[in-house]
Structures are given as structure tokens and as C-alpha cells.
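What follows is a short report on a single structure.
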Amino acid sequence: SQQGEEDPQALSIQEGENATMNCSYKTSINNLQWYRQNSGRGLVHLILIRSNEREKHSGRLRVTLDTSKKSSSLLITASRAADTASYFCATRGTNAGKSTFGDGTTLTVKP
Amino acid sequence: GAVVSQHPSWVICKSGTSVKIECRSLDFQATTMFWYRQFPKQSLMLMATSNEGSKATYEQGVEKDKFLINHASLTLSTLTVTSAHPEDSSFYICSAPRLAGGSYEQYFGPGTRLTVT
């Protein structure tokens with residue numbers, strides 16, 4: 001089964017609103033990464049957060065990590081129609097090891 | 001710029017033929033690479049771990065004789081889908097870990113869309 005589970009599975013909001021996606025995982029991790037994928041395209045790396053970090057920011061993106069709850073959240077502020085995509089979290093247990101993906105959240109931002 | 005490339009980006013083949021997909025790490029060496037498969041509207045599923053100079057490690061349920069992996073150099077891994085069938089149609093993505101800022105970050109290729117007719 002997938003290491004990561006994300007909720008919600010689908011999220012639809014109006015442009016300008018904030019979007020929050022959550023990811024939970026089961027085992028200890030080395031780091032967690034968030035990716036974006038437009039329909040039919042490859043993955044775009046958004047943010048990497050290490051297990052000893054609690055929060056990271058990048059532009060309109062804010063990622064939090066709570067290792068005690070084994071969960072992470074991705075917040076997109078002031079969303080735009082161009083943010084419409086699927087968002088995945090991926091965890092890694094060892095430094096150079098494989099990434100395990102969550103099921104993803106499909107975000108639709110209506111103009 | 002891209003640090004992991006894949007070739008081809010898309011391929012259409014007839015049922016029963018074999019297709020080779022290349023994954024290259026650009027300007028860094030990768031003793032390990034990973035191959036994922038993604039079906040429409042689903043997440044990425046790890047298929048196998050490609051190890052330079054040794055046999056690949058396959059995930060449960062992935063047929064090693066059908067999905068041949070060769071990691072012949074520190075910058076190249078290939079995935080060959082043998083005797084392809086329509087159900088093998090999928091998006092195949094490779095990744096390679098690269099040391100950045102003291103820890104490894106996973107870099108993904110742009111993916112290869114395989115359609116088997």
C-alpha cells in the first residue's frame with residue numbers, strides 16, 4: 001500500500017482563495033517532498049522538507065511537517081487558475097532511497 | 001535546467017513489440033535510479049530500483065522478465081518493456097537521487113508516455 005495518503009482527493013476553489021492539502025505517512029522518513037503534475041505531464045518539484053524541519057516557504061507555498069503525527073501540509077496562498085494541477089507528496093526513508101508517493105490531490109482553481 | 005532526461009518522451013508501438021526507454025542523469029552520477037509507472041488519474045507506483053553494475057530490484061507484482069532494466073553506466077539506466085500489450089500503456093518516469101545541500105534530493109525525468117496499440 002502507499003506510504004503516503006493525501007486528503008482531500010479533490011479540491012475546487014475560486015481564484016484568490018487559499019488551498020490546503022494534507023499528506024500522512026506511516027514510517028519514519030528522511031525527508032518529504034511535494035510535487036506538482038499538470039495533466040499528462042511530468043513531475044515538477046516544489047519543496048523538500050527534511051525530517052528535522054518544521055516549516056518551509058517558497059513564494060506562495062508553505063509546507064509544514066509534523067513528524068510526531070507523521071503528517072505534512074501544503075498551503076498555496078492566493079491561488080491562481082494556473083495552479084490547477086495534481087499535487088503529490090513523496091516520502092523517503094533513507095538518504096538515497098526510493099520515494100513513495102501519496103495518492104495525490106487534484107486541485108482545480110476556478111477563474 | 002533538467003538534471004534527469006528521458007528518451008523518448010512518447011512512443012506508440014504495436015502489441016508484441018519491445019520498447020526501450022532511456023533515463024540519463026545529466027552532470028551527476030547515479031549509482032541508483034528508480035523507475036515508476038503512472039496510470040491515468042493515479043499516483044506513481046515504484047516498479048523497480050536500478051543498480052549500477054548489479055541486478056535491479058523489483059517491487060512485488062512487477063514482472064522482471066517483462067520489464068528489463070539495465071544500469072550499464074553511472075549516468076544511464078534503461079527500461080525495456082518486452083512483448084508490450086495494451087495494458088502496458090502508461091506513463092513511465094525515472095528518478096535519480098542527487099546530493100544537494102547535505103542531503104539527497106530526488107530528481108525526476110520528464111516521463112515517457114507509452115501507448116501500445
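The values are calculated or read from the model by the stated rules, or taken from the named source; none is laboratory data. Computed from a predicted structure; not experimentally measured. For neighbour counting, all protein chains shown are included, and Cβ atoms are generated from backbone atoms with ideal geometry for every residue, glycine included. Note: accessible area is taken over every heavy atom of the protein model, side chains too, but ligands, DNA and RNA are not part of it. Shrake-Rupley method; radii C 1.70, N 1.55, O 1.52, S 1.80 Å.
For segment B:67-102, a reduction of at least 40 Å² in accessible area between the chain on its own and the assembled protein chains (probe 1.4 Å) is found at no residue.
Between residue A:68 and residue A:55, the simple spin-label model (points 7 angstrom out along Cα→Cβ) gives 1.6 nm.
Neighbours of residue A:29 by Cβ distance under 10 Å: Lys/Arg scored +1, Asp/Glu scored -1, total +4.
Am I reading the B/A interface right? What is its buried accessible area, both sides, 1.4 Å probe, to the nearest 100 Å²?
Working: alone 6590 and 6000 Å², together 10960 Å².
Chain pair B/A: roughly 1600 Å² of buried accessible area.
Shown for segment A:71-111: residues covered by the partner protein chains by 20 Å² or more of accessible area relative to the chain by itself (probe radius 1.4 Å), namely A:88, A:92, A:95, A:96, A:98, A:99, A:101. The mean accessible area for residues of the protein assembly as shown, using a 1.4 Å probe and ignoring ligands and nucleic acids, is 48 Å² per residue. Do you know the relative contact order of segment A:12-111, to the nearest whole percent, from alpha carbon pairs under 8 angstrom that are 6+ apart? Relative contact order here is 36 percent. With R₀ fixed at 25 Å, the C-beta to C-beta distance from residue B:73 to residue A:41 puts the FRET efficiency at about 0.35.
For the pair residue B:82 and residue A:82, label points projected 7 Å from Cα toward Cβ lie 4.6 nm apart. Per-residue Karplus couplings for segment A:101-107, computed as 6.51 cos²θ - 1.76 cosθ + 1.60 with θ equal to phi - 60°, are listed in order as 9, x, 6, x, 10, 8, 9 Hz, Gly and Pro entered as x.
Once C-alpha pairs closer than 8 Å and six or more residues apart are averaged by separation and normalised to the residue number of segment B:1-116, the relative contact order reads 35 percent.
Computed over protein heavy atoms with a 1.4 angstrom probe, the accessible surface ordering of B:104, A:35, largest first, is B:104, A:35.
For chain A, the fraction of 1.4 Å probe accessible surface lying on carbon and sulfur atoms is 45 percent. Cross-link check: pairs A:98/B:14; A:56/B:55; A:70/B:55; A:98/B:55; A:98/B:66; A:98/B:41 evaluated at a Cα-Cα cut-off of 27 Å; pairs beyond the cut-off: A:98/B:14; A:56/B:55; A:70/B:55. For segment B:24-117, give the percent of accessible area contributed by carbon and sulfur heavy atoms, probe 1.4 Å, rounded to a whole number. Heavy-atom surface of segment B:24-117 belonging to carbon and sulfur, 1.4 Å probe: 51 percent. Cβ screening of the protein assembly as shown for cysteine pairs under 4.7 Å finds these without a partner: B:13.
Could you order B:88, A:66, A:103, B:27 so the one with the most accessible surface comes first? Probe is 1.4 Å.
Details: B:88 10, A:66 50, A:103 80, B:27 130 Å².
Largest to smallest exposure gives the sequence B:27, A:103, A:66, B:88.
What's the average, rounded to a whole number, of partner chain beta-carbon atoms within 10 Å of each residue's beta-carbon in B:104-117?
4
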